[in-house]
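The values are calculated or read from the model by the stated rules, or taken from the named source; none is laboratory data. Every value quoted in this text rests on a predicted model; they were computed, and no experiment measured them. All Cβ positions, glycine included, derive from the backbone under ideal geometry; neighbour counts span all protein chains shown. Just so you know, the surface numbers come from the protein's heavy atoms only, side chains and all, with ligands and any DNA or RNA stripped out. Shrake-Rupley method; radii C 1.70, N 1.55, O 1.52, S 1.80 Å.
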Amino acid sequence: LKSFSLRLCNLVASCFATPARRFVLTRAMNCSATDPHHQAIAAPFILTSSLLRLLADSWRWVGVDGAVALRWLCWAPLALLALPFLQFFATAVIFQRLGSSVPLLLPCKRQLSEVDQMANPLCRAFPSLSGKLAWRPLGIFPSPVHRFTMSLGRSGDGDGEKVEFWAKREDLVSDRYAGNKVRSLQYILGALEACVEQDGAGLPAKPRLLVLGSGGSNLVVAAKVHAIGCGLDSSNASIEGLSCYPDAPEMDNTLNYLSSLSLPGSQSLFGAGWLSVLRAALVRRSGRSPGAWPWVLPPGGNCTPGVLGQVGAALELAEQIQSGEAPDPDGIVVALGSSCTAAGLALGVAAARAAGLVAFRKPGFKIYVQPVHPLLLMLQQRFGFYFSKWHPSAIRRNIEDAAAAIAARGGPDLSEAGVAVMLQELEITTHLDIVGTYGVHSEISLEARDAYLQSATGPSDAPGLWLCGHFTAKSFALMLRMLRSDIAEDRSPRTLIYWSSKSLVQPLGATDEWSAFTKQRDQSSALRTWAVAGGVCGHPDAPAASKGNAPRPVETPEQYRALMKRVAL
């Protein structure tokens, strides 16, 4: 029995014992074995390997009787192999706690007097919700829908074919900072404004909004820019950017980090901030004013108020389709990160139909979502992660929570219809070659970006698209692949609406970002290697990547400031 136990432990341990075998493991999990940002995936398995080796060695040198060996054989390997799953469930519990820290509140008096409730697409669709949700527009709406034409521009089937697509220009909703995060912040910052006005005087300290993201987070930048539009500044609220986890080094990501340093509100040291997040998750909330505990925005603004903002975007598009400003599409193409936008669009399609809008009625209509993170894609392939009911980051969970919030405030119960759209009309693609590494271009997304730059034309008075390696270039690559497939199979190309979610404006605030950056760089070796200028950049005015424009460490502000716009806040 002892010999058998030793052999079993050695066998399991050997699966993770060498870099080559760990490479096989991570490839089986659709992750990059050499990517430092995926080390957390394999770390529990490597720990398991070490502990099993230690166990095997202890049995070899210390006498263990058969009964003890049997107990170890039954429980120790199972307990150790459960570590990755325990890690995953613990993360789910923390994210549930964080997401629920951001409440939906009634509008304050100032909002009721200054904001036209019918400017909210959700209230236009369901007037019974008017006056029941704190909300601020934060931009210029509706966002336009533009028609583009381009050549598929690649050798092989369909080379040279001209196709058209439509773009929902969420990237143009604000001249300070645009993108899809603005929609989510309409409810999040609106609720914080209401909290400050109604309860601010009675709180022991200023309400805190902790914005959790990666180094290149769009959400951190958007929250800092638009907090001012809600009257939130250092005198009545604390907006704190937490770049807790790194994404891959690319200039698009560096620009966002520099923007966040230039804007009002604090910015954590690069890669730090997890302690603040954990403290916020443990704060007692029952019986207290919402402003008494820290509000934590999970990555992507993935919480019920954030999802409602994306529902409004889908309703707005439905109105544009009904009025003839946009065609009724065969599909919508959007990137899938935190799932906030995808969940809001699925629920928004159900809401548009319930409101009687003549949109999204084409046979075979689909919402095509392109994952951008290989780990989340693996979880979807293996376990149906995005369709689960229990995980707070899952599309289904977000749909059900947002539908319940609408119904609780006098709107229709859209839960069943929203889930039906998700199950029947939302298609999560599994193209690992498009996903590549989280946070940067894959070879396929870079090819799609180059094809766009070479041949795409849109309205003469409209700026071009920012196809970033983090999100938008990957969903654009999916759209091109679908159109190429249509041409190759002699079908009429589908009418697709591309969700352009990356802000066209890169804001530069009043704070000296270069001084803040150099101070952080001196404290963080990770930031010194992560922050780069040059190379691939999706900004329409950026020079093309070439041998003479390779990515290199940021050394002077002249390397990037030409791509940034000074904004008045």
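Structure summary
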item	result
Accessible area per residue, Å², the range 476-568 with all protein chains present, probe 1.4 Å	46 Å²
Nitroxide proxy distance, nm - points 7 Å out along Cα→Cβ at ALA404 and VAL283	2.3 nm
Heavy-atom accessible area ranking, 1.4 Å probe, most first, across ASP116, ASP461, ASP199, ASP247	ASP461, ASP116, ASP199, ASP247
For the range 248-296 and the range 173-188, distance of Cα centres in Å	18 Å
Directionally averaged projected area (convex hull, Cα atoms, the range 92-227), nm²	12.8 nm²
Solvent exposure of the range 119-270 as accessible area per residue, Å², 1.4 Å probe	29 Å²
Sites THR518 and LEU112, calculated FRET efficiency, Cβ-Cβ separation with R0 45 Å, nearest 0.05	0.50
Cleavage-rule hits, trypsin sites (Lys or Arg not before Pro), the range 300-384, DSSP coil, Cβ neighbours within 10 Å at most 14	ARG361
Ordering of 206-214, 435-443 by burial proxy (mean other Cβ atoms within 10 Å per residue, highest first)	206-214, 435-443
The range 219-280: C-alpha gyration tensor shape, a/c 1.5 cut-off, then a/b vs b/c	oblate
Cα shape, the range 456-557, gyration tensor, a/c 1.5 rule	prolate
Prolate/oblate/rounded call for the range 319-437, Cα gyration tensor, a/c under 1.5 rounded	oblate
Peptides 305-315, 180-190 ordered by average Cβ neighbours within 10 Å, highest first	180-190, 305-315
Trypsin sites (Lys or Arg not before Pro) restricted to DSSP loop in the range 407-482 with at most 13 other C-beta within 10 Å	none
Karplus 3J(HN,Hα) series, Hz, for the range 386-400 with 6.51 cos²θ - 1.76 cosθ + 1.60 (x for Gly, Pro)	5, 9, 6, 8, 9, 7, x, 9, 6, 4, 4, 4, 5, 4, 5
Residues SER151 and GLU443, FRET efficiency given R0 of 25 Å [Cβ-Cβ distance, rounded to 0.05]	0.80
Accessible surface of the range 373-528, 1.4 Å probe, proportion on carbon and sulfur as whole %	49 percent
Between the range 316-368 and the range 422-464, the alpha-carbon center distance in angstrom	19 Å
